[in-house]
Amino acid sequence: MQHQITQQIYPVLQRMLPQGAVLSLTDVEKLIQLPRIENSGFDYTLSCGPLSKILKMKPQEIAEGLCQILHENSMKPPIREAVADKIFVNFTLDKSLMVRDILNTIRKQGENYGKTSSGQGKIICIEYSSPNIAKHFAVYHLITTLLGYILGNLYVFRGWKVIRLNHIGDWGTNIGYLISAIQSEIGKEQFLKLYRELSAEDFLQRMQDEYVAINKKTKEFDLKQLQSLFQSYPVLLQRLEKGEPLDDILEDLKHSDPETFQLFNQDYSQFKLQNPNPYRENARATFVCLEKKNPDVWDLYEKIKERSLDVFHVLYQKLGISFDSLNGEAFYIDKMPRYLQEFEKRGVVEDSRGARVISLDDLPKNYRVSVPCMVLKSDGGTTYLLRDLAALLYRKETYRFDRLLYVVASQQILHFKQLFGAVRKAGFDWIDQVEHIPFGMMTIDGRIGSTRRGNVVSAEDLLLAVENRVREIMHQNNLENEQWNRENQSDSKPVLSPKELEQNAPRVALGAIIYQNIYTSRMKDKEFVLERALSFTGDSGPYLQMVVPKMNRILLKHEQRNKTPIPEHPDYSLLIHPSEIQLISLLGEFSPMIDKTIQVHELSILTTYLIDLASAAHRFHHDCRVLQAETEALRDVRLVLTQAVSIVMCNGLKLLGIPIPEKM
């Protein structure tokens, strides 16, 4: 409906434009929304505030002027009335026309309802997931995986060609730590035996155990050596002796006393030079061998990576997620020299105490960073940032993208500012097409977890725990529904067979997990609480999943009882109940909500809309009898509305990657 309203008011607003000002049809359509106040009597509202700068008029003057011109030129359907209210214009529509237009469009377009070709001919790359090899797929990787995947779905729904990138964490000193531990603690022969005999999952667990163990030994050596250094910092020593992790102590100090933190860092750096840690030195030496592709070290590395990808693939299949590229950090190692040479040639790389850096403090405000970015260490070693620079330039050359999104946690905001700033300083203006999509963390029982400390919560563990709880809840629901049907001599409550229960458990579990990762602002930290995630009464994945089976059950009952299809041309004028009108208005909002979601890459906009739609559908089902309607004509048109709800909810859930159970 917004489009039809826009088509009528846009020419009027064009007449009000000052000379040289530009106002697009899309800009106007975005300002037309459902009323702020429920049951206001109006169907849509135009906010004139954002038009004020463009039209060089006060919002109230715009609202009054627009209404005056509309009334003078006699309004056309679907607008029946336009009323100025301060900075708003409230529209009343011809309800029967609105109802017919929305429902006919949904029936005609079906699974394509809400889909547009606005991005046709454009390419977008989206980097997401990016788990580290030799470690279990942790819960904190679920958010990036789901956010990136769903954003890709939305862009496909808008006609873009989406290239999905999984930048696997398959390089770095952490690999050196693990391989050095394998060489010293396991030995190559035993390693190969584990590789041959263990399942991929068990093999990965063993590698993670070895990684945790070598990190523990490294820390213990550090702490033992650090006792003398900490004598100068008694408060820190006291916490250290209580057994608190050094990382936590330093993180607290960084925020509570930055000056002391800086002093300690200087002393700590000097101390490490004078007291080298043999585990750390061994890990660095092993990583150097890896960089030089030493055959023995490289063979271990390849087998670890192979088994890691096997485990990741199983999880991705469960999540229904795939990628166009699995090129990790290692892929760009041999490409770095060429891109570094390009930056050197452009004169943006400078020397800093033997290291090579790019200063970013002289850039425009959007790209300015006070901290320079290091591309080469003083010992000639490459940096994570240089690998990301190589990846970014390679992707632009290879995919010729129109946009690129990095769906990476908010802890990396500074890193991406440096990355984008370095590219901007080198004169690559296309960096404006690249955006970091940050997000907050997900905790389980208040824990994020750390692989180094061995307390990481894996995504597989979470899936299994949620599935088991879903089975318990659905079994209990089954018993209650059976009893209700028996007592009321009815079949209106769904009862699932053992096979259906088993099929539904992973689907409902996945729906619960997906929803809990995306239902609030992406920048907000989230806590996964099992009972809240599995609520069947609102603001959860299962609450959304219930809608389609519920609507389809009504349609199936009609088909079984009457043996007649839903009529092609029902009497839409019969849909006048407030619950019906509100539901239909929401159905018409589906496509605009997708646009709003994409505009700010905020999935909570779409999830909130779908929750509102589900609530309105349940209210309609409660307030308006469908199969037992007063007349056949009313029954038929309510069946059309029921079918439309099923289609739109189905389309929305597919975009979110939430499975739809056949029966629930």
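The values are calculated or read from the model by the stated rules, or taken from the named source; none is laboratory data. Owing to the predicted nature of the structure, the values given are computational and were not obtained by experimental measurement. We place every Cβ from the backbone using ideal geometry, glycine too, and count neighbours over all the protein chains shown. Quick note on the areas: whole protein, heavy atoms, side chains included, nothing else; ligands and nucleic acids left out. Shrake-Rupley method; radii C 1.70, N 1.55, O 1.52, S 1.80 Å.
Our coupling estimate for region 592-597, obtained by passing each phi through the Karplus curve with A = 6.51, B = -1.76, C = 1.60 and θ = phi - 60°, is x, 5, 5, 4, 5, 4 Hz, Gly and Pro reported as x.
Taking every alpha-carbon pair in region 28-166 and binning the separations at 10 Å intervals from zero gives 10, 24, 22, 24, 13, 5, 1, 0 percent. Counting only heavy atoms of the protein chains and using a 1.4 Å probe, ASP299 has close to 50 Å² of accessible surface. Residues whose amide H falls under 5 Å from that of SER130, counting only those 5 or more places apart or on a different chain, are HIS167, with hydrogens built in the peptide plane. In order along region 207-216, the phi-based Karplus estimate (6.51 cos²θ - 1.76 cosθ + 1.60, θ = phi - 60°) of 3J(HN,Hα) comes to 5, 5, 4, 5, 5, 4, 5, 5, 5, 5 Hz; Gly and Pro are listed as x.
From Cα pairs below 8 angstrom and at least 6 apart in sequence, can you work out the relative contact order of the chain, rounded to a whole percent?
Working: 918 pairs, mean separation 96.3, N = 664.
Answer for the chain is 14 percent.
When only DSSP loop residues count, what GluC sites (Glu not before Pro) in region 586-650 have their Cβ near at most 16 other Cβ atoms within 10 Å? Can you show the working numbers first?
Numbers: sites: GLU589, GLU602, GLU630, GLU632; in loops: GLU589, GLU602, GLU630.
Answer by residue number: GLU630.
Residues in the chain average 47 Å² of solvent-accessible surface per residue, probe 1.4 Å, ligands and nucleic acids excluded. Of all DSSP-defined beta bridges confined to the chain, some 55% are antiparallel rather than parallel. If a/c stays under 1.5 just call it rounded; otherwise compare a/b with b/c (prolate if a/b is bigger, oblate if not). Do that for region 167-266, with a ≥ b ≥ c from the square roots of the Cα gyration tensor eigenvalues. Prolate, since a/c reaches 1.5 and a/b exceeds b/c. Put simply, the amide H of VAL434, placed in the peptide plane, has neighbours under 5 Å in LEU404, leaving out anything fewer than 5 places away on its chain. With contacts taken as Cα pairs under 8 Å and at least 6 residues apart, region 1-117 reaches a relative contact order of 24 percent.
Neighbours of LEU586, meaning other residues whose beta-carbon lies under 13 angstrom from its beta-carbon, give a summed charge of -4 when Lys and Arg score +1 and Asp and Glu score -1.
The residues neighbouring CYS125, those whose beta-carbon lies less than 13 Å from its own, together hold a net charge of +2 under the Lys/Arg +1, Asp/Glu -1 convention.
Before anything else, pin down the relative contact order of region 287-417: Cα pairs under 8 Å, at least 6 apart, normalised by residue count, whole percent. Present the calculation step by step, with values, prior to reporting the outcome.
Values: 91 pairs, mean separation 20.8, N = 131.
Dividing the mean separation by the residue count of region 287-417 yields 16 percent.
The fraction of accessible area contributed by carbon and sulfur in the chain is 49 percent, rounded to a whole number (1.4 Å probe; ligands and nucleic acids excluded). Each principal axis of region 137-190 carries a Cα extent, and these read 54, 21, 20 Å when sorted largest first.
Kirkwood Rh over alpha-carbon pairs of region 272-317, then Stokes-Einstein at 37 °C and 0.692 mPa s: what D in µm² s⁻¹, rounded to an integer? Display every interim value, and only then the final one.
Values: Rh = 12.6 Å.
It diffuses with D of about 261 µm²/s by this estimate.
Go through region 1-70 and name the GluC sites (Glu not before Pro) that are in a DSSP coil and have 12 or fewer other Cβ atoms within 10 Å of their Cβ. Can you show the working numbers first?
Values: sites: GLU29, GLU38, GLU61, GLU64; in loops: GLU38.
Of the GluC sites (Glu not before Pro), the ones in loops of region 1-70 whose Cβ has at most 12 other Cβ atoms within 10 Å are GLU38.
Taking all protein chains together and rolling a 1.4 Å probe, SER232 ends up with roughly 90 Å² accessible. Note on exposure: THR26, THR105 ranked by accessible area (1.4 Å probe, complete protein assembly) read THR26, THR105, with the most exposed listed first.
May I ask for the net charge around ALA63, where only other residues with Cβ less than 13 Å from the Cβ of ALA63 are counted and Lys, Arg are +1 while Asp, Glu are -1? Show your work: numbers first, answer last.
On the way: positive: LYS58, LYS86; negative: GLU61, GLU64, ASP85.
Neighbourhood net charge equals -1.
Relative protection proxy for 174-181, 555-562, from highest mean packing down: 174-181, 555-562 (other beta-carbon atoms within 10 angstrom).
How do CYS289, CYS67 stack up against each other in accessible area, from largest to smallest, with a 1.4 angstrom probe? The partial results should precede the final answer.
On the way: CYS289 50, CYS67 10 Å².
Putting CYS289, CYS67 in descending order of accessible area: CYS289, CYS67.
Per-residue surface analysis assigns ARG206 an accessible area of about 80 Å², computed on protein heavy atoms at 1.4 Å probe radius. For trypsin sites (Lys or Arg not before Pro), no site in region 141-190 is both called loop by DSSP and has at most 15 other Cβ atoms within 10 Å.
In the distance distribution for the chain, Cα-Cα pairs more than 32 Å apart total 61 percent. Each residue of region 551-558 is assigned a 3J(HN,Hα), and the resulting list reads 5, 5, 5, 5, 5, 5, 4, 4 Hz, derived from the Karplus form 6.51 cos²θ - 1.76 cosθ + 1.60 (θ = phi - 60°), x at Gly and Pro. For the residue pairs LYS365/LYS425; LYS557/LYS663; LYS526/LYS663; LYS216/LYS272, alpha carbon separations beyond 22 Å are given by LYS526/LYS663.
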